[in-house]
Each structure stands twice: as structure tokens, then as C-alpha cells.
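The values are calculated or read from the model by the stated rules, or taken from the named source; none is laboratory data. It should be emphasised that the depicted structure is a prediction, and the values quoted were computed from it without experimental measurement. With ideal geometry, Cβ positions are generated from the backbone for all residues, glycine too; neighbour counts draw on all protein chains shown.
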Amino acid sequence: MHAKVFSATPIGVDAHLVEVEADISFGLVNFYIVGLPDTAIKESSKRIQTALKNSGITLPARRITINLAPADLKKEGTVFDLPIAIGILQAAGFLRIEKEFLHETLMLGELSLDGSIRFIKGALAIAYDAHRLGKKRIILPADNCAEAAYIDGLEVIGVSHLTELIAYLRSERTVTPTSARIPEAAATDMPTLDFAQVRGQQQAKRALQIAAAGRHNILFVGSPGSGKTMLAKRLPTIMPPLSFHELLEASKIYSISGKLRGKPLITQRPFRSPHHSISQAGLVGGGSYPQPGEISLAHHGILFLDELTEFRREALEALRQPLEHKEIAIARVHQAISFPASFLLVAALNPCPCGFLGDAKRTCSCSPQQIARYAQKLSGPLLDRIDLQVPVTSLEYDTITAKEVDELSSQKLFQDVQRACERQEKRLAGGRCNSSMLPDEVTRYCTLTPVAEQTLKKAFATLNLSMRGYHKTLKVARTITDLAGADQIDVAQIQEALMYRSLDTYLGQQRK
């Protein structure tokens with residue numbers, strides 16, 4: 001007999017429908033799985049047979065053939081254990097499920113040898129696309145119910161054992177669909193970090209406020225111990241909360257990576273801080289079956305690269321495309337996959353190998369050749385994509401030991417960021433921010449006073465700005481103007497924006 005059930009597999013962040021066809025016929029007793037399965041799927045025959053036996057079901061001594069269609073789509077993972085088992089039971093006559101029910105339902109799950117149904121990766125991504133695939137119901141492991149239940153209008157049936165599912169399909173027991181309450185906007189536990197804990201560094205705090213308001217990439221340059229990492233870790237405290245759409249997009253990536261276990265959704269903006277020894281594939285994604293990298297795990301959040309010059313050059317150069325296009329395209333022989341990568345880059349580095357170039361307290365011991373070689377680790381095109389380049393100086397004793405509380409707390413900085421974001425939402429469609437403005441939008445919304453325009457014209461030649469640098473300067477100035485609550489960019493805003501693109505001038509002065 002022949003039976004067909006439906007499942008799906010995530011490729012990139014999108015789900016693709018897979019028809020699981022089961023056929024039981026006379027012939028040499030064997031279990032075949034065809035349709036470009038990977039090793040984990042090929043091994044599922046042993047898991048399924050043992051799980052059925054331990055659930056009290058003995059399969060007939062027949063030849064079993066399983067086809068995963070379409071046959072030219074590569075499949076991986078263990079999500080097909082459950083639909084294959086149900087397909088076999090339907091084909092063998094142990095189950096008699098109505099065709100309409102099968103056509104409306106997706107089935108996912110990994111089987112243990114005792115018949116229990118285990119947690120799988122990618123459940124949220126598949127549930128997210130269930131309506132697009134023409135399905136209105138999904139049957140999946142009980143441990144995955146919490147994430148899938150946030151998809152509106154989808155019936156989510158969670159089961160923990162194969163016998164439980166068989167009883168449900170035979171209408172011998174009822175399984176209540178899982179429901180979930182949409183979260184408010186952010187997690188209930190408040191962060192313990194605050195900018196008020198950081199002594200001094202007013203300019204760096206101001207730059208981070210601009211970065212948070214307009215989603216501008218930022219680079220800190222300063223001596224060891226000056227507070228670069230401390231500042232970066234507090235940036236999430238002044239970022240706007242995730243919208244529900246952003247929650248789902250970020251959570252889909254964590255679901256595909258198997259990092260949602262124990263929590264249904266990512267409710268706070270991700271903060272990823274990979275070690276500098278990370279490979280290019282680990283940073284941007286890759287593998288024979290491509291998986292999201294750190295830049296995708298930081299989607300709608302922050303990617304913090306400490307000790308930037310210690311990262312592999314090829315890994316850093318691979319950031320250039322996603323910084324510009326907000327996604328990463330990974331090409332393989334049989335397919336090309338795109339992962340979203342709309343992240344805010346925060347980077348930190350020392351000004352020289354010893355770290356003390358330009359430090360007021362300690363003398364740099366590096367030769368000019370060493371400094372030049374160190375600076376060459378970062379390419380010009382990569383630096384050109386970083387909007388804010390901020391020097392961070394070491395602090396004086398009196399500043400460190402001051403007893404009065406810093407007025408620039410996270411709450412105060414966030415209030416201005418929130419107002420600036422509201423202005424951007426009214427101006428730009430799709431909830432975008434200033435850093436994502438298109439060239440025609442820059443022309444329309446970044447209007448300058450005559451004095452500001454003359455200032456920018458002089459700086460264009462002095463700083464050797466590229467076209468990208470010119471546009472980024474205008475976008476930063478637009479954000480500064482939004483923070484001030486003004487409509488037109490004036491000379492003060494354009495001067496501040498230009499100050500954040502003069503890192504080469506600053507380092508040149510320090511070398512002298």
C-alpha cells in the first residue's frame with residue numbers, strides 16, 4: 001500500500017515543503033529511504049523500527065520504501081523520523097487518517113528508541129511558513145510547542161510519545177492545541193548594566209547614543225583598560241525594544257541553530273561577542289549544509305568584535321557585504337542560501353601593537369613600521385563602512401574615584417534615543433532607521449543649511465571622503481539632528497558627524 005504525509009525542512013530561514021511517501025510491498029525485506037537524504041536521515045530506519053517495536057507495533061515483513069520529494073532537494077537532520085513512522089503506519093493499515101487531515105498537516109519530530117519524541121531544530125522557522133505552504137496544522141514534539149505557538153492562526157499539536165500521537169490520530173484521546181500569549185515587547189527581567197556605572201567617557205557615550213538611535217556601526221580605538229568593552233556591553237540598555245515581527249525574525253534564526261531550547265522566543269536584542277579566533281564560517285555562516293553564523297545570530301541586535309585586528313583578515317573582509325546589504329549570501333554547488341544579517345557592528349581595537357600609542361600615561365614602544373603593519377590589518381573599504389570612529393582615552397584618578405553619580409545614565413540616554421526613533425518611524429517606511437536610508441531618501445531627508453553645506457564641502461576634500469563616506473556622514477548628521485528634535489541639519493550637527501570620521505587624522509597626530 002501507499003501513503004503520503006507532509007513535512008518540511010528549513011533551508012536558510014525559509015521552510016520548504018517535503019512530501020513523505022511510504023510504500024509497503026512484497027519482496028525482499030528491506031527499508032529504503034530515497035530523495036537526497038543525509039546520513040542522519042538514512043540512519044532513521046533503525047530508530048523508527050525500534051521505536052515502533054518498543055511502542056507495541058510490529059511491522060509486517062515487507063519491503064518498505066520511503067521517498068522524500070522533491071527528490072532534487074537536499075534534506076538533513078532528524079525532523080523526518082515522525083512523518084516517516086506515521087507514513088509507514090498509514091501504508092500498513094495501522095492508521096486510517098483522512099486525506100483532508102493529512103493535506104492540512106505538517107509533521108515533524110525525532111524519535112527515540114523507546115518511542116518518545118525529541119526536540120528538533122527549526123520548528124519555529126517551519127511553523128512561521130506553514131500558512132505559505134498551505135497548511136493550517138502542525139504536529140511536533142511537545143518541547144517545541146512553545147516556540148511554534150506564537151504563529152497566529154496555526155493549530156499546534158504537541159506530543160511527547162509515539163503512542164500518544166497514534167491515539168490522537170485514531171481519535172482515542174484528545175490533545176489540546178498549544179496557545180501562547182504574545183509577549184509585551186521585551187523580557188521582564190531588567191538588565192543590571194547601566195551607563196551610569198561608566199566613569200567619564202562622555203564622548204564615547206554620546207557616540208553610542210547616536211549609534212543606538214540610527215543603527216550606525218561604531219569603532220572604539222583606545223588603550224587597554226580605557227573602558228571600550230565596558231561601554232560596548234551597555235549599548236543594549238539604550239536600544240529600542242524589539243517589535244513582535246523582529247522577535248519572530250530573530251527567534252527563527254535561533255530555532256534553526258537549535259539555540260531556543262528552554263525559551264520560546266528571543267525577547268531582547270541579541271548581543272553576540274565571538275572570540276577573535278573564530279573562523280570565517282563561524283562568523284558569517286557556512287558549512288556543507290549552511291548554518292547561520294554569528295552575524296545572523298546578531299540579527300536585529302549587536303555584534304561586538306573586541307580586539308578587531310586579531311580577527312582573521314578574510315573573516316573581516318567577509319563582513320563587507322552583510323554590512324552593506326543586511327544579509328549574507330552563501331553559495332554551494334547545489335544551492336545558494338541567504339541568511340538575514342541586519343546587525344549593529346560595535347568594534348574595539350588598540351591603536352598599536354603595544355596598545356599605548358597616544359596614551360597620556362604610558363609611552364608607546366612600537367616602531368613606525370610596526371604601527372603601519374598593524375594598521376594595515378584593517379582594509380579601507382571595511383573602515384569606510386563604519387559610521388562612527390571614536391577615540392577612547394584612559395581616565396584620570398580623580399575621574400575614577402569621583403563619588404557623584406554620572407548624569408548620563410542608560411535611562412536618560414534611552415529617552416532621547418526613543419524620541420529619535422519615533423521621528424524616523426514617521427519619516428521612513430517599514431520601521432527602518434537612518435542608517436538604512438536609500439540614496440534618494442538621503443537627498444530628500446538630509447537637507448542642510450547653507451553654512452552646513454559649505455562645511456561638508458570643505459571636509460569632503462580634506463578628509464578624502466568616498467561617496468559612501470559622504471552618504472554615511474549625512475545619515476549620522478540626520479540622526480544627531482533627530483536627537484536634537486530639529487528638522488534641518490545645521491553646522492553643529494554636520495561638524496559632529498565629521499568628527500566621527502576623522503580617525504586617520506587622529507592616529508596621524510598621535511604618531512607624531
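Observations on the structure shown:
- Residue 219 out of contact with any His (no Cβ under 7 Å at 6 or more places or on another chain), modelled with pLDDT of 90 or more and assigned to a helix (DSSP H, G or I): no
- Of all residues in segment 71-90 being of a type outside the set (Asp, Glu) and modelled with pLDDT under 95, the one that is nearest to the chain's Cα centre (by Cα): 77
- Scanning segment 235-284 for residues that are of a type in the set (A, V, I, L, M, F, W, C), under 13 Å from the mean Cα position of the chain (by Cα) and in a helix (DSSP H, G or I) gives 247, 248, 250, 253, 256, 283, 284.
- Restricting segment 102-119 to residues that are in contact (Cβ under 8 Å) with a residue 60 or more places away in the chain and part of a loop (DSSP other than H, G, I, E, B), the residue that is surrounded by the most Cβ atoms within 10 Å (Cβ to Cβ): 108
- From 223, 277, 243, residue being within 17 Å of residue 310 (Cβ to Cβ), of a type in the set (Gly, Ala, Ser), in the same structural domain as residue 410 (by TED's automatic domain parsing) and surrounded by fewer than 20 Cβ atoms within 10 Å (Cβ to Cβ): 277
- Residues of segment 48-101 that turn out to be among the β-branched types (Val, Ile, Thr), outside any loop (DSSP other than H, G, I, E, B), in contact (Cβ under 8 Å) with a residue 60 or more places away in the chain and closer than 30 Å to residue 333 by Cα, as a count: 1
- Scanning segment 309-322 for residues that are touching a residue at least 60 places away in the same chain (Cβ under 8 Å) and either in contact with a helix residue (DSSP H, G or I) (Cβ under 7 Å, 6 or more places away or on another chain) or surrounded by 23 or more Cβ atoms within 10 Å (Cβ to Cβ) (or both) turns up 309, 316, 317, 319, 320.
- Evaluation of residue 365 against (1) surrounded by fewer than 22 Cβ atoms within 10 Å (Cβ to Cβ); (2) within 30 Å of residue 121 (Cα to Cα); (3) small (Gly, Ala, Ser) (one fails), failing number: (2)
- Output for segment 351-380, where each listed residue is touching a helix residue (DSSP H, G or I) at 6+ places or on another chain (Cβ under 7 Å), touching a residue at least 60 places away in the same chain (Cβ under 8 Å) and under 19 Å from residue 306 (Cα atoms): 351, 357, 371, 374, 377, 378, 379
- Test: residue in segment 293-303 that is more than 14 Å from the chain's Cα centre (by Cα) and either buried (at least 20 other Cβ atoms within 10 Å of the Cβ) or not β-branched (Val, Ile, Thr) (or both): no
- Breaking point among (1) closer than 21 Å to residue 122 by Cβ; (2) touching a residue at least 24 places away in the same chain (Cβ under 8 Å), for residue 42: (2)
- Test: residue in segment 459-477 that is within 20 Å of residue 238 (Cα to Cα) and touching a residue at least 60 places away in the same chain (Cβ under 8 Å): yes
- Flag: residue 67 matches the condition of being modelled with pLDDT of 95 or more and either under 31 Å from the mean Cα position of the chain (by Cα) or assigned by TED's automatic domain parsing to the domain that holds residue 124 (or both).
- None of 122, 153 is in contact with a Gly (Cβ under 8 Å, 6 or more places away or on another chain) and of a type outside the set (Lys, Arg) except 122.
- Qualifying positions in segment 76-87 - closer than 14 Å to residue 256 by Cα and buried (at least 24 other Cβ atoms within 10 Å of the Cβ): 79
- Number of residues in segment 140-199 that are of a type in the set (S, T, N, Q) and either more than 32 Å from the chain's Cα centre (by Cα) or modelled with pLDDT of 90 or more (or both) equals 7.
- Within segment 410-434, the only residue that satisfies the criterion of being at pLDDT below 95, buried (at least 16 other Cβ atoms within 10 Å of the Cβ) and small (Gly, Ala, Ser) is 410.
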